[in-house]
Structures are given as structure tokens and as C-alpha cells.
Amino acid sequence: MALDVDQRLEKARRPGFGVGLLKGMAVLLKHLFKRNDVIQYPEVKQDLSPRTRGVIALKEENCTVCMLCARECPDWCIYIDSHKETLPPKREGGRPRKRNVLDRFAIDYALCMYCGICVEVCPYDALFWSREFEYAEYDIRQLTHEKEKLSDWMSTVLPPIELEDGADIPGLPTKAISAASASPTVEATAASPANVTSSAAEARPEQAQTAPREASAATTSARPAETAPDAPTGPAPETAKEASGLAEEVKEQQMDAAAEPAAEPEVKRDTQGTVQAEGSQAEVEAKAESETPSAPESTAVTQTPPAMAPVPDQAPAATPTPTRPVPKLEDLEAPEDAYGRVLDEQTKAGSSPQVAEARAKVARVKAEREVTRAKAAASQDATPAPEPSGAPEATEPQPEQGPVAPTEEERGAGSAGPQEQTGAGSAGPQEQTGAGSAGPQEQKGTKGPND
Amino acid sequence: MADTPKVLEPELQNLQDSSAFANEVSEGRLVTEQMLLNVGPQHPATHGVFRLLATIDGERIVRAEPVVGYMHRGYEKLVEQRDYRQITNLISRMDWLSGINNELPLALALEELMEIEVPERAQYLRVALAEMNRILNHLMFFQSFAAELGAITPTFYAFREREDIQYAMETVTGGRMHFGFFRPGGLKEDVPKGFVDMALASVRKVIKRLPDYEDLLTGNEIFKQRTINIGTLDREVAYSYGVSGPIGRGSSIDMDVRRDEPYLVYDQFDFEVCTGSHGDCFDRFWVLLHEIIESAKIVEQALAGLPPGPIMGKVPRVVEAPKGEVYIRTENPLGELGFYLVSDGGRRPYRIKIRTPSYSNVSALPFVLENTLVADMIAILGSFFFVLGDVDR
Amino acid sequence: MIEISLTAWQILVVKLLIILTVVPVGALVGGYVLHKEMAHMQHRLGPMYAGGWHGWAQTLADGIKFAYKEDIIPASADKRVFSLAPAVIFVPVLLLYLVIPIDRNLIVEDLDVGLFFLLAIGSVGSIGVLMAGWSSANKYALIGALRSAGQLIAYELPIVLSAAAVAMLAGTLSLVGIVEAQDWPFILWPPGLGLALFLLFLVGAMAEMSLPPFDMPVAESELITGPFTEYTGMRFIFGFFFAETAHMIVFAAIGTTLFLGGYKPIVPWGPLDVIPGVLWFFVKTSFMVFLLLWIRFSFPRLREDQLQKFAWKFLIPLSLVLILVTGAWILYGP
């Protein structure tokens, strides 16, 4: 083995006679005529991944002023002020409740090292990553973002992304990695009992680690796993050697189009052996080019986001396109039957009673949702309700409006303040629905076994 | 030299005695003087704030003494006041070109002390990310070496390749240079959908373009004239100074921690360890280029065989290492990186001693630079792949 | 047609004015071509902003920026020599343009000893580099100047000898005469010999202009800018940047005249005569500039002693041998 390298090395050390010089020049000439894939910032911006660490956004309603983020920050750049308030008891004869009220929450981005420990450690999901990075200021004091600005950043936060095949999502059996498996639904796939118990066992320390978080994590990560993006229908193959079918090509194109704006067709030829990719690549490019000219304020993107960010392309106000075929009412399993079935399966597989019950409850809720959808579709309602997600929906960042006097309702809603823990939330671009905004105080939707 | 301060006189005596050429002062004919040239700390070619006190006689270097410490940030003291997750995020700034390889020994050390079993999927992903970072590091040094020799074009080619890999790592970790991703017990979170394909595509692209680099540089006669038999690092000197990594392997020290004391799952992968036999700049560069190919092989194998499962082992909520000490060695792209962790039971380490590869590599410089030309000094410094953050911590 | 009769002096003044305007503009365009060619060979775009369309005004903007810079002369520098050095470098380059024939009748002055004039004036610039490096009171500049002196002297000879061989083939030192003597350009006929002479000239020219791979004196990563390290503002622009680009263009023009047939069509084929000579000259010079830049971006630089070895041990003996072969060709060849 080592001898082999040595011989190549010896051969490389031999003197050439000017031939190498010409070869070097030929390389440059070749590159002179190749297509250029330079992204001309700031007219065109690169499509960053959803996990990119840009700026940290604060969801004020969720913050209980536990101070964990300020404590864990390695740079001590989070400044929190709060005071305690006493509220009247909820019911007659109860004791007065004490609340922490957040006075000041500021992150000094001049100090922040963008490590994300605060986001990771927050037990109530009040901090989120956003991919915005263009907030340079002339005055360094402006780099300390107060809680109003941090709340504004929430409109740029993306929902959590779908994980790769084989990832262990707490609350669900581990999906086996196979190129043949079709759409990533959440039915109990061919997971061996050992897998199930081990994942359950792994799930438990995770639950212990992040107890209140697991609830929203389970809901949020389960849901993107359900709603597969439109075009690619198959999971990513392990190696491109296993590529099969058009789905893989499309997926490869999408990813190549996203990740490598000027991916050469030769790459695809190597991995897939088809020439079809070239034509489609041209289509994707044509589409990308037509998207290129844009207003300077809005974030222009060169290509559609990769499959990993299930962000709707249209404005959220428009009708969200259904991402799954709407089932027929007759085909569906009754929720109670689903509960019983999963409970039996899990008990047979050897899960502990709590885990079995939890999974059965999950299956029941899912079945209930399917029934609701079928009923809605059957009643000619063309707009199925958007599924609530734990994280706020991403919206296009709106251009700055400037000072606008708040309307009556906003003023009214604002004064009610954080004490209203309903699903409606407050007006403005931070519309939150579903389990996310409820926070830990109101347990709605699916939760873990701590119900 | 009547006005020379007393303390410098032995130095000057040294200068005149150790001249390689007949300094014909004694003969009374040609009077030449040796010049003290201060290379750095501000210099385009020294990879950072590195200072070299070179005594030159015309164009020939008589003596060269590296002066380090201009970038000392007190890492080993800093980490005594931070808990392990905070250290993980800070430590990738030590050798900033191979960020995630700096976090690895820390995670391994804690796993050994706390006796945590890391799931297979996490191991494989760790290997894949570490090797991708190795490719990033090697591409960076490839371009800086070429730029110092005067070839301006490889810089842009290398950076273009780095972009794809960095984008892939950004989708996973959120950062392009500083990652903060490894945790004791596994990873922070699992990889997003499509990562495997993206990573494989980016790595394959690098491999596809490597013949271009061969044509541009290793096949170029001018490059060969500048690097063959220049800056030969003697094997014995390298051994005694603990030179490791591509530099050591270029001097035919056949040592690679990944193969000799496998950590993570390296024993399951099939890869070669490239060595050079002459110890000159060309061999070091050759080893660097071919390590890229080997790393790409490992990435392919790791991602092809990625098992399903969790990415975090059984770790208590608060990471506290029990009392004890452990020394973990890993193969940083620049050489052997060692963490000696002493813990007295708590959230913060009692002491971490970091054995960095660049520090040892730089100590061998005086032996290599003796009797070389000033222009060769630049080539040699370029071929001695070191990062100042690694040298000084 | 309006008859304008000007005296010889007036014509000369007009021609000089043309030179004085064209050369800086040419340098600007050359600089832009440099940026763009380098960029596209390196798989990127180059200037895109300055001036709007693909950054055409980039070099102009750079020039204006340099004009605004503070004029600093180091305290321990030799002031008079320091101020004079850029002029000594730049003026000879301007003078070289006086004898280049753009078309049969478009030349400032058709000297009978045009080639000799070129070679003589072209080597004056070496003194300027030495002056710049020595007067800067900077160790790095000194090293750069010494390297440069050695290099320029060494590489004068290949240029002179290959030009002499061309003069032998053409039978005259006048540049118009040399172009007229080339039915087939000298690079093609005599076969092989012409190409060898051309390569010799090319290598010598690159070393004369301190272009990579012969840019040791100006080794950016080692000596910052070599002899010109201490220069700022207008002195830097005229002594270094303009001189380098204008020098490159004029050497490209000389190469065209000597080897590629000047303003004549590239091959003596009838239909090609339709294209005016000016256009031929322009196309050929552009090709030469492209070639010089292409070589410039491709290679690392040679070390100084390797450079000298290459010149004295290889190029000069080779050029002497080629002179012998040229003589043999003239006497015994077709």
C-alpha cells in the first residue's frame, strides 16, 4: 500500500520538460470558458440553510424569566430584568399566584458569539434561531437588541426542518433507512422490537433532559416528517449509487440546484448515469433566473429552497396547498381502534406501559385529525385548516413600515398583554396558533406521557 | 561595535561564528555584514502573527528563530471558568481552520471519564464531519502555499470547493467555521434531510477537481524547482520535536492516530496513510493533497454506511465529569491534538492541558531554515502548515 | 477635401499629443482587461460595479483614488532620488511608443534604427527601479531593488539577441522595414526557428517587466511591493501600475511587429487584405497581451538564483546558438 504511494510520488518528482507548464495554462484556459457561478451579493443573496446561525429571536409570551439563558451564555451578553407580580387566585379560595414579569430582555450582539447555547438551553422555547445577518450598525450601542427588536426577529424564524432518514425522533419508532420506502408517513414501519425499545430507552433520558420541550419537539418534528414537500417523494438515498427512479433525480436536482447553483451536469452523470438531469437542471436554472430580479429591500433568492425547509413559497395569507392526499372517510380507522391497536403492538414489542400508552395516544390523535380532514374535504371545504406547528410560521420579512399608530384592536389586545394565553395570540405578524403559543401552562394537543 | 549593549554581544559573536560562508573579515578583504531581518509579526506570508528573527547573509539565512506568543489568548485558563458545553463552543477557535476537530477530543475525553456509550449513528456522523473539515483545512493550506509561491489562481479554485463543503456543514450545524456541534455522548442534533446527498456531492466535486490541482501545481516545473529538495526536515529532528501530521508524514514518520489508535469508528474504514520519503516541501505538499483523497474516501464510507438510530447516548441533564484525569489523542488535520483533562468532579474542568500540533511543528523550524535562501524561507513557512491559534492557544 | 498643411514640427506635436492621450487610456483599458481576464480564469467575475456595466470604469476609479492619496516621503529617504525614480521608470515607456508602426503610414517617427532605439530606451527603466529601491530607506525595498537589477540585466540579452536575429532575417533595423519584410510572419517562417525566437523574446519580455513567473523583485507575499513599497499616490500609480501596464502593451506591440507581422494580415491570403492594417495590429496586440497575462496567472514565481541560472546558463547560450542558426538560414536557406 505505502509502496504504491511512494511510486506515484517518485513519478511526480521526476522532471518534466515544460509539459507541466503547458498543462497548467490549459487548466486556466478551460476555466476561462466555464460558466461562472458567482452570486452577486447584494442584488442576489444565497439561500441559507434554516439552521444558519444569524440572529436570535425572542418569543416573549413563552419566556418565564428562568434566567437559564443568561446564566449559560459564555459571553454573558444577555441582560434580563424582571419583577414579581402577585395575581389573584384562579378559583375561589385558592392562594394568590406569583408571576415573573419580564421587564428587559436584551442580547448584546456585539458580544454574542453566536454559539446557540441560550437557544439550546431554554426550556420553554422562547428563543429561536433566525438566518438574518444583515443588521450592521454604525453605532455599537445599537447592536444591543432589546426585546421589541428581538420579538420582531420572530417573523423571520423558520420551522424546524425535516431530519434525515434514520434519525431518531422521540415518540416515534426509528424509521429504517431504505431507498425503496416511499413517502415518509408516520405509520409504524418495519422497525424491529429491539429498535423500538432502544429508541424508547434513548427517548427517556432525552425526556429527562428536556422535559417540557419534548412535547413541542415531538409535535414539531413529527409534523414536518408527515408533510413531505411536494416534488420529491422519496427519501434521500444513502449513497447516490442507490439512486433509483425519477424521484431521486428530481431530489438530486433540487438539492444540487439549491446547494450548488452552477452544478456541472457531469456530476449528475457520474452519480446517476442519465443525461436527463441536464435538461431539468436548465429548467431549474431558468426558473431561478426568472426569480432573480427583485426589490432591493426584500430578500431575493436565487433558487427555491432545498427540500429541507418546508417553507411555503406563497404568502401565508394565501391558501396553503394541501401536502397530503385527503383521505376518504370510509377508509379511515376510528381513533379508538387506532389507540387499541398501537397499545397492543407496543405492549407486544415490549415497551413500558407509559411509553405504550403515550404512543397509543399519539396514534389516536392522529387518527382524529385524519377524520377531521376527511370530513372537511367531504363537506366541500377546499381549505383544510393549516396544521398547527410548534414554531411560528415563517413569513416573508416585511419592509419597514415606519411609525404607525396602533389601531383600536391592537391597542386593546396589547393591553391584555401576556396574560392571555389563548391560541389567538396578539395581532401583527407574529400570529401563533396551536400548541406553540400555549407554552407550558396550558397543555393542549399531544403531549408526552406526563399528561 | 562599541555601542552595542552588553547583553547582545554573545549574540553578535554567535552571528559571526556561525556564518556558513567565509565571512572574510578576518582575511581583511571583503567586508560583509550579516543583517538581522525581522520577518513578521506583520507579514503577508506568515499565516498570522508569527515572528521569525532571521539573520541573513546576503540572501542566505544563517539562523532563524521563531518567536511565538503574539496570539496567546489563555485558553487553558479560560476553560477553567466555563462548563463543558461552553468550552465546546469556544474551543473551535483554537485551530480555526479545522473547527470541529478541536471539539472532538473534548467530547471523547468526557465520554471516557463519564463512561458514556455513544450511539453508532453519532460516531459515523462525527467521522463524516471531522473528515469534511479535514478536507476544508487541507484545501486552505493548498491555496495558501500556492499563493506564497506566487501562483494566485489556485486560491480561487480552492475557495470554490470549500464553499460547497462549508454549505453542507452549515445546513447541519449552522456555522461555516465555528460549529459547536459535538456534545459528550453524541451530537447536538441530527442532520437535516438531504445532508447525506449534499455532503457526498460536495466531496465528490473536490475529488473531481483534484487533477486540475495536480496539473496546476504538482506537475508544474517551476513549482517543482521551488519545492523539491527545499526545506528538508530530517526524520530524527522531526521525531525529537514531536512533529506530526502531514509535515511528519512528509518526513516519512509513518504515524497516524486514526490508524494506530483508532477512536470513534475509524477502525471500520478503509483508508491509506500517505507518507513522503524525502521530507522536503514537495513531499509535504504531496501528502496534503493525497490526504484529501483519503478523507473523501472516509466520508463516502461513513455516509454510505450511516446506521439509523439516536444521536445522543445516555447523558445526564447536567454534564459533570467525575473525579479523574484522561488524555485523549486525535488526528487533527494539522497533526496530533491531545487533551489532558483533569477533573475534580464538577461542571467545569479543573485543568485542561492542550497539546497542539502546530506548536511542536513550529519548534522544528530553526533546523529546517538553516542555510536556506530568503525566498525558500517563504516556501518553507508555507509548507509547514501551522495555524497561529494552534501554536499560541 | 480640406487641405491642411502643417509643418513637420506641428505634425510631430500632434502625434505626441496623440501618444500622450492614447497611452494612459490604453493603460486603463489594459488594466481592466487584466482584472477581467484574471477573474474569469479564476472562475469569478471581476469588477462589476464601477461605471455600471461590468465595471468598465474600475481602473479609472482606481486611478482617481490614487490621485487623492497623501504623498508621503519617508523621513530617512533620499528625497530627490525618491521623487525622480517614478519618472525614470515611466518616461522611457512612453518613448517606446514613438517607433511602433500601427499602419504603414501611422507611426510617429520611422527611425532607421528603430529597433536599436527600442532596445536602448527600454533598458533605461532598470536604473529607475534601482533608484526607487535604494532611496526608500527600507530593507525590503533594497532587497527588491537588488534582485531587480540583476534580473533586468540578465534578461536584456535574450531580448537583444532575439531581436538581432529578427533584424538579420529582415535585413533592416527600421520597424516598418521589419514588418514589410514579413510576408509570412516570422513566427511561422522560418519554421521552428521563428517560434523559438518568439519564445525567447517572450520570456525575456516577461522578465523585463517583472511579470510572474519572474516577479521576484515584486514578490508580493514576501516583499510586499519590492522596490515600490514606500511609494503612495500618484508616484505609485505612475511608477508602478501605469508603467507596468503600459510596458506590457508596448512589449506586446513590439512582439507583434517583430514576430507576428505587425499591421499585415496574419497570412498572405488575398481576401484578408480587406481588413485594415490598424485592425490587424490591434487584434494581434490584443492576442499578445492575452498571452502575457495568461502566463502571468498560471505559474508560481521562480526564485532569484533559479531565475539567474535560467537566464545565464540556458537562455543566453540558446540565443547565441539561435543567432548562428539564423545566419545559416539566411545564407543557405530558401
Practice task
Shielding by partners for C:40-49, please: the mean number of other protein chain Cβ atoms within 10 Å of each residue's Cβ.
Solution key: 6
Fill in the blank from the handout: Whole-Hz Karplus couplings 3J(HN,Hα) for region A:33-46, θ = phi - 60° and coefficients 6.51, -1.76, 1.60, Gly and Pro as x, run 9, 7, 5, 8, 10, 7, 8, 8, 5, x, 5, 10, 10, 6
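Charges only on Cβ, +1 for Lys and Arg, -1 for Asp and Glu: so what's the dipole of chain C about the Cα centre, in debye to the nearest 20?
Numbers: 18 positive and 22 negative charges, 121 e Å.
So the dipole magnitude of chain C works out to roughly 580 debye.
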Fill in the blank from the handout: Per-residue average of other protein chain Cβ atoms inside 10 Å, peptide A:158-165 -> 5
Practice task
Filter the GluC sites (Glu not before Pro) in region B:113-211 down to the DSSP loop ones having no more than 14 other Cβ atoms within 10 Å, then list what survives.
Solution key: B:115, B:117
Practice task
Let me know the mean shielding of B:297-310 by other chains, meaning the per-residue number of their Cβ atoms within 10 Å of its Cβ.
Solution key: 4
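Counting other C-beta atoms within 10 Å, which of C:9, A:76 has the fewest, and how do the rest follow?
In order of increasing Cβ crowding within 10 Å: C:9, A:76.
How big is the equivalent ellipsoid of chain B along its three axes, where each semi-axis is √(5λ) from the Cα gyration tensor, reported in whole Å from largest to smallest?
Values for chain B, descending: 41, 26, 16 Å.
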Exercise for the section: Compute the signed sum of charges (Lys and Arg +1, Asp and Glu -1) over the other residues within less than 14 Å, Cβ to Cβ, of residue C:103. Expected result: +1
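Can you order the peptides A:366-377, B:346-357 by their average number of other Cβ atoms within 10 Å per residue, highest first?
Numbers: A:366-377: 16.7, B:346-357: 18.4.
Output ranking for A:366-377, B:346-357: B:346-357, A:366-377.
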Problem - Cα point-scatterer Debye curve for region C:4-120, base-10 log of I(q)/I(0) at q = 0.20, 0.23 Å⁻¹ - result: -1.13, -1.22
Problem - Long-range amide H partners of residue B:336 with built H, under 5 Å - result: B:244, B:245
Problem - Cα lying deepest toward the dipole's positive end in region A:55-156, options A:111, A:130, A:82, charges on Cβ - result: A:82
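Within region A:55-156, how many Lys pairs sit with Cα atoms under 13 Å apart, leaving out pairs fewer than 8 places apart on the same chain?
Numbers: A:59/A:147; A:59/A:149; A:84/A:98; A:90/A:98.
Total qualifying Lys-Lys pairs in region A:55-156 comes to 4.
Which value in Å is the Kirkwood Rh of region A:20-88 over different Cα pairs?
Values: mean 1/r = 0.0543 Å⁻¹.
For region A:20-88, inverting the mean 1/r across all distinct Cα pairs yields 18.4 Å.
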Fill in the blank from the handout: The summed charge of the residue C:84 Cβ neighbourhood (under 15 Å; Lys/Arg +1, Asp/Glu -1) stands at 0
Fill in the blank from the handout: Restricted to region B:319-393, the DSSP antiparallel beta bridge percent, nearest 5, is 100
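Share of Cα-Cα pairs in region C:75-332 beyond 29 Å, in percent? Please report the intermediate quantities before stating the final value.
Numbers: 10311 of 33153 pairs.
Cα-Cα pairs in region C:75-332 separated by more than 29 Å: 31 percent.
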Practice task
Report, ordered by chain and residue number, the lysines lying within cross-link reach of residue A:30, taken as a straight Cα distance under 16 Å and ignoring same-chain residues fewer than 8 apart.
Solution key: B:208, C:36
Exercise for the section: Two decimals is fine: what is log10 I(q)/I(0) at q = 0.12, 0.24 Å⁻¹ for region C:129-232, from a Debye sum with one equal scatterer on every Cα and no solvent? Expected result: -0.52, -1.12
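Which chymotrypsin sites (Phe, Trp or Tyr not before Pro) does region C:209-305 hold that lie in a coil by DSSP with at most 14 other beta carbons within 10 Å? Could you put the intermediate results ahead of the total?
On the way: sites: C:214, C:228, C:231, C:236, C:238, C:240, C:241, C:242, C:251, C:259, C:263, C:269, C:280, C:281, C:282, C:287, C:290, C:294, C:297; in loops: C:214, C:231, C:263, C:269.
Of the chymotrypsin sites (Phe, Trp or Tyr not before Pro), the ones in loops of region C:209-305 whose Cβ has at most 14 other Cβ atoms within 10 Å are C:269.
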Problem - For region B:214-281, alpha-carbon Rg and Dmax in angstrom - result: 14.5, 42
Practice task
Filter the GluC sites (Glu not before Pro) in region A:62-143 down to the DSSP loop ones having no more than 14 other Cβ atoms within 10 Å, then list what survives.
Solution key: A:92, A:134, A:137
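FYI, it's all coordinate maths here, none of it is from the lab. All figures in this text were calculated on a predicted structure; none of them were measured in a lab. Glycine gets a Cβ as well: all are built from the backbone with ideal geometry, and neighbour counts include every protein chain shown.
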